[in-house]
Amino acid sequence: MIKIAKTKAARVIAVDRQAPDKARQAGIDLALGSENDDVVARVMDFTAGKGADVVFDCVGGPLFEVGINSLALNGRQVNITAVGQRRVSFDLLDFYRRQLTLFGVNTATLDTIAAGDILDDLRPAFEQRQLTPPPIAKACPLAEAVDAYLQVGSGVAGGKIVILFR
C-alpha cells in the first residue's frame, strides 16, 4: 500500500505498535508508534492541522477511533480487518459534521477476475518501475508452508516467502 500511495504523490503516515523505525525504512514520511505517540496530535501537526485525507486501517478495533479522529474534513477511512475488539464507538456528531466516509472492504470476496483487474490497473506503475515486487526471503515446498506462515507472522522471515507447488 505504501508504494501504491507514493505513485499517487501521497505523503504516507504509518502507525506501528512498537517499531516505527522499520516503517521509516519502507519510505514512510512520518512513522509513529501506537503505544508511545499521541497519534492524532502528531498527524494533525504533520498535516498543519488539516488531518489525513485517507486512513487505511489494517488493525480495526484498537486503532479504529484513532483513525477516525485523525481524518480531515471529508476524509475517508477504509477498514479491512477487525483485530481484537470487533465493536467500536466514535462520536457520530463529529463524524457527520466533518462529512467523513467509512468503507469496509472484504478482499476475501475477490475472485481471480477481480484480482486480475486490480493487477492490470497497477501494470503501468510496474512498467514504469514506480512499483516493484516485494523482496522474496525464500521459496519453500508446500510441506513447509505452516512453518513459513509462522515465520512471516512472527516477523523473522525477513520478507515474503513463496510456497512452491510441484
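Distances between placed amide hydrogens fall under 5 Å for PHE56 paired with VAL78, all partners being 5 or more residues away or on another chain. Neighbours of TYR149, meaning other residues whose beta-carbon lies under 14 angstrom from its beta-carbon, give a summed charge of 0 when Lys and Arg score +1 and Asp and Glu score -1.
Annotation: extensible slack from VAL156 through THR109 equals 14.0 nm (criterion: 0.36 nm per residue apart, minus Cα-Cα distance).
Taken along the Cα-to-beta-carbon direction at a fixed 7 Å, the label points for LYS3 and TYR96 span 4.2 nm. Checking [x] 1.39; [y] 0.99; [z] 0.96 against the coordinates, the calculated Rg/Rh (Cα atoms, Kirkwood Rh) falls under label [y].
Between GLY51, GLY27, GLY84, the Gaussian network model of the chain with springs among Cα atoms under 10 angstrom shows the greatest mean-square fluctuation at GLY84.
Close amide H partners of LEU131, meaning residues 5 or more places away or on another chain with modelled amide H under 5 Å apart, are PHE126. Taking the chain as a Gaussian network, where each spring joins two C-alpha atoms under 10 Å apart, which residue of GLU127, GLU144, GLU35 fluctuates the most? Result: GLU144 has the largest fluctuation of those listed.
Among residues other than PHE90 with Cβ under 15 Å from its Cβ, the summed charge is +1 (Lys and Arg +1, Asp and Glu -1). Using the rule -39500 (n - 2.57) for each DSSP H run of four or more residues, divided by the residues of the chain, the 222 nm mean residue ellipticity is -10000 deg cm²/dmol.
Averaging the sequence gap over all C-alpha pairs within less than 8 Å and six or more residues apart, then dividing by the number of residues, gives the chain a relative contact order of 14 percent.
All of the numbers you see were taken from the coordinates with simple rules; none came from a lab. All of these numbers come straight from a predicted model, not from anything done at the bench. When we count neighbours, we look across all protein chains shown, and the Cβ atoms used for this are built from the backbone with ideal geometry, even at glycine.
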